[in-house]
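The block underneath contains the structure these notes are about, expressed in structure tokens.
The values are calculated or read from the model by the stated rules, or taken from the named source; none is laboratory data. All figures in this text were calculated on a predicted structure; none of them were measured in a lab. All Cβ positions, glycine included, derive from the backbone under ideal geometry; neighbour counts span all protein chains shown.
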Amino acid sequence: MIKFPQGFLWGAAASAYQVEGGNSNSDWWEWEKKTGRQNSGQACRHYELYEQDFDLAKNLNQNAHRLSVEWSRIEPQEGKFPESELKHYLDVILALRRRNIEPVVTLHHFTNPAWFGNAGGWTNRRAVRDFLRYCDLVVRCLAKYVRYWITINEPNVYLTHSYIMGVWPPQARSYLKAKIVEDNFAGAHIKAYRLIRKIYKELNLPRPYVSIAQNMQAFVPCAPSLKNRFAAYIRDKWYNFGFLDAIMRHKAMDFIGVNYYSRQLVEPRNWGFASLAMDVCSQDHHPVKKNSLGWDIYPEGLYELLLKLKKYGLPIIITENGICTRDDNLRWEYIYAHLKNIHLAMGKGAKVEGYLYWSLMDNFEWDKGFNPRFGLIDVDYNTYKRTVRESAVRFAQVSKTGVLE
Ligand code: BGC
């Protein structure tokens, strides 16, 4: 029998921009308009419908929920902080608390206020200062009701998509800029970490648990050649562990937030830097099942990463793990296999304390629009009606009993 410990956090994750709707002061919104792509528009209308959505989560036996605060709502214009928006997020957190659902709150999940983006975004020297001012306000307002904070979601995904591959705003392709953003993210996290601890002390609150959500991938050499193995090794070292190592050197992490989805089959064409860093096998040499975006399903990769994470000696929360598919049986297969691997890793000493599926409901999948379906709950984008999927019901059974049958 596969049994998870008492007190394990069971739930789902989402981010503000992907579910709320109407985030018209954000840099993503501007970018959507400028590039003429599918607009996030009303998204799931979660900004208004959050009570109803949390009822669904509660009925699915979830005892934790990860959400993010949208900076562009808190500070729609530089230095202007409308009270009503802070109040909104306080209401959201209280709505979770009333249902005994533990909030895990992210402060930055890919989007920035448009004014911040237009001033150079995370390459600007003032970026860290601006971010901290926003964090200070939000944390003071919510501290009493929040124990878990994620400062920044997936710094590695943001900087590769926005500053190296150039497929997300501001569509830069510059290693130099990427390096500046990476350093600014590290500085922002370390300072936000200290700020959050300081605020809790000032307010005489029990200590908070602060981390980032780190995207991790299984980098598997396609054929075991020296070049492939070397490339897989450096990707693992930089992409998976670089940021974690950097913030750990400053002792700025209380638990590790892990976002895990897939495997990358590593096969660089040559020994050049870009090839070593990015090239993947273009053929399906080691076929496995895939999600609707073509990402490999590879649960054993999560097991291996969890064992490597033991070196930090910290508790781990799976802050995202999920699949986009229209085949709900496959969704359950995915969840089951990942939970099984998590449990195996726990048996080998990985201190996993929670699992948050991505995502509670279908939502706006960034540059891919509304087509990918990651949700435990189906969203009809014409009527905004929610329908609980069968996989959600199965997951709810595990959340209720802690047993994976
Ligand atoms: C992000 C989410 C995204 C999910 C699926 C993660 O990298 O944090 O915002 O929707 O992956 O692509």
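Only residues that are within 16 Å of the ligand (Cβ to nearest atom) and in contact with a Ser or Thr (Cβ under 8 Å, 6 or more places away or on another chain) were counted across region 207-238, and they come to 5. Of the candidates Ile342, Ile318, the single residue that is within 16 Å of the ligand (Cβ to nearest atom), under 22 Å from Gln62 (Cα atoms), β-branched (Val, Ile, Thr) and in contact (Cβ under 8 Å) with a residue 40 or more places away in the chain is Ile318.
Residues of region 155-163 include none that is of a type in the set (Val, Ile, Thr), at pLDDT 95 or above and over 19 Å from the mean Cα position of the chain (by Cα). Within region 236-249, residues that are assigned to a loop (DSSP other than H, G, I, E, B) reach partners that are surrounded by 21 or more Cβ atoms within 10 Å (Cβ to Cβ) with beta carbons closer than 9 Å, at six or more positions or on different chains, in the pairs Phe241/Gln214; Phe241/Met216; Phe241/Leu309.
Considering (1) surrounded by 17 or more Cβ atoms within 10 Å (Cβ to Cβ); (2) more than 21 Å from the chain's Cα centre (by Cα); (3) aliphatic (A, V, I, L, M); (4) more than 24 Å from Lys400 (Cβ to Cβ), the lone condition that Ala277 does not fulfil carries the number (1).
Table: residues versus (1) surrounded by fewer than 18 Cβ atoms within 10 Å (Cβ to Cβ); (2) over 25 Å from Val181 (Cβ atoms); (3) modelled with pLDDT under 95; (4) among the aromatic types (Phe, Trp, Tyr).
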site: Asp27; (1), (2), (3), (4): no, no, no, no
site: Arg45; (1), (2), (3), (4): no, yes, no, no
site: Phe54; (1), (2), (3), (4): no, yes, no, yes
site: Glu75; (1), (2), (3), (4): no, no, no, no
site: Asp91; (1), (2), (3), (4): yes, yes, no, no
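Among the residues making up region 81-140, a single one is among the aromatic types (Phe, Trp, Tyr) and within 16 Å of the ligand (Cβ to nearest atom): Phe110.
Would you please name the residue that is nearest to the ligand (Cβ to nearest atom), looking only at residues in region 145-166 that are in a helix (DSSP H, G or I) and more than 20 Å from Arg66 (Cα to Cα)? Taking the candidates together, the pick is His161. Residues in region 173-207 that are free of Cβ contacts under 8 Å to residues at least 24 places away in the same chain, surrounded by 13 or more Cβ atoms within 10 Å (Cβ to Cβ) and basic (Lys, Arg): Lys179, Arg197.
Phe110 meets all of the listed conditions (1) over 22 Å from the mean Cα position of the chain (by Cα); (2) at positive phi but one, namely (1). Could you tell me whether region 368-389 includes any residue that is away from the ligand (no atom under 14 Å from the Cβ) and among the small types (Gly, Ala, Ser)? No, the conditions are met nowhere in region 368-389.
When Val288, Val258, Val220, Val210 are screened for being of a type in the set (Val, Ile, Thr), part of a loop (DSSP other than H, G, I, E, B), at pLDDT 95 or above and under 29 Å from Ile323 (Cβ atoms), only Val288 passes. Taken over region 25-53, the criterion of being among the hydroxyl-bearing types (Ser, Thr, Tyr) and either without any contact (Cβ under 8 Å) to a residue 12 or more places away in the chain or within 16 Å of the ligand (Cβ to nearest atom) (or both) is satisfied by Ser26, Thr35, Ser40.
Here's the yes/no breakdown for (1) out of contact with any Phe, Trp or Tyr (no Cβ under 8 Å at 6 or more places or on another chain); (2) without any contact (Cβ under 8 Å) to a residue 24 or more places away in the chain:
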{"site": "Ala252", "(1), (2)": "no, no"}
{"site": "Gly257", "(1), (2)": "yes, no"}
{"site": "Tyr261", "(1), (2)": "no, no"}
{"site": "Val266", "(1), (2)": "no, no"}
{"site": "Arg269", "(1), (2)": "yes, yes"}
{"site": "Gly272", "(1), (2)": "yes, yes"}
{"site": "Gln283", "(1), (2)": "yes, yes"}
{"site": "Lys290", "(1), (2)": "yes, yes"}
{"site": "Leu293", "(1), (2)": "yes, no"}
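Exactly one residue among Ala274, Ala246, Ala252 is of a type in the set (Gly, Ala, Ser) and at pLDDT below 95, and that residue is Ala274. Pick out the one residue from Arg263, Arg235 that is within 24 Å of Ala345 (Cα to Cα) and either within 18 Å of the chain's Cα centre (by Cα) or modelled with pLDDT under 95 (or both). Every option except Arg263 fails the conditions. The criterion of at least 2 residues that are more than 15 Å from Phe370 (Cα to Cα) is met, among helices (runs of 4 or more DSSP H) falling completely within region 13-65, by 27-35, 46-59.
Of the candidates Leu137, Leu142, the single residue that is in contact with a helix residue (DSSP H, G or I) (Cβ under 6 Å, 6 or more places away or on another chain), hydrophobic (A, V, I, L, M, F, W, C) and not in a strand (DSSP E or B) is Leu142. Checked across region 299-317, the condition of being crowded, with 21+ Cβ neighbours inside 10 Å and touching an Asp or Glu at 6+ places or on another chain (Cβ under 8 Å) holds for at least one residue. Here Gly294 passes the criteria (1) at pLDDT 95 or above; (2) away from the ligand (no atom under 16 Å from the Cβ) except the one numbered (2).
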